[in-house]
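Before any comments, here is the structure.
Only the coordinates and a few stated rules stand behind these numbers; no lab work does. All of these numbers come straight from a predicted model, not from anything done at the bench. With ideal geometry, Cβ positions are generated from the backbone for all residues, glycine too; neighbour counts draw on all protein chains shown.
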Amino acid sequence: MKKYTYLLFTLFIIFSFYKTSYAEEKLYKYRIEYYYDNVLEKEATTYKNGTYASLIVDYETKNKDGYSFSHSSIDDAGMTITDDEDANVIKVFYEKKEDSIKVEAEQDSSKNIDAIIAFKQKLQSIFDFFKRILS
């Protein structure tokens, strides 16, 4: 009976060592997704490989004109690589800068003013037309 216990214990140790060593050396894919105003920009997505159970705490920044970094899905704790590659995702969020929102609003308001002026001129020409007919 002792022989079998010793054999089972030895096999358990060998299996545990093999499983741990194999799992730690195997690489798994993870991806970094970039969102601008909460919209995924697929072209910016980066794919990388990481060792099982390793901790990923940094990522490449992809700043865009008019946007500033907001937050990421790993800001506080990082991401641990798992064997579920679909779950190995880092999401990085950017928001429009305050200045670019003001510039866009100013551009929109100037377009609106131009449209109002054009509409007023058309109304004036219609009014003048009817004024001539009725006179």
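Summary table below
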item	result
Approximate spin-label separation Lys62-Tyr47, in nm, with each point projected 7 Å along Cα-to-Cβ	1.4
Cα-projected label distance for Lys96 with Arg132, points at 7 Å along beta-carbon direction, nm	4.4
Across Lys48/Lys96; Lys26/Lys62; Lys26/Lys48; Lys29/Lys96; Lys29/Lys64; Lys29/Lys97, pairs whose alpha-carbon gap is larger than 21 Å	Lys48/Lys96; Lys26/Lys62; Lys29/Lys96; Lys29/Lys64; Lys29/Lys97
Semi-axis lengths, Å, region 27-96, gyration tensor of Cα atoms, sqrt of 5 times eigenvalues	23, 12, 9
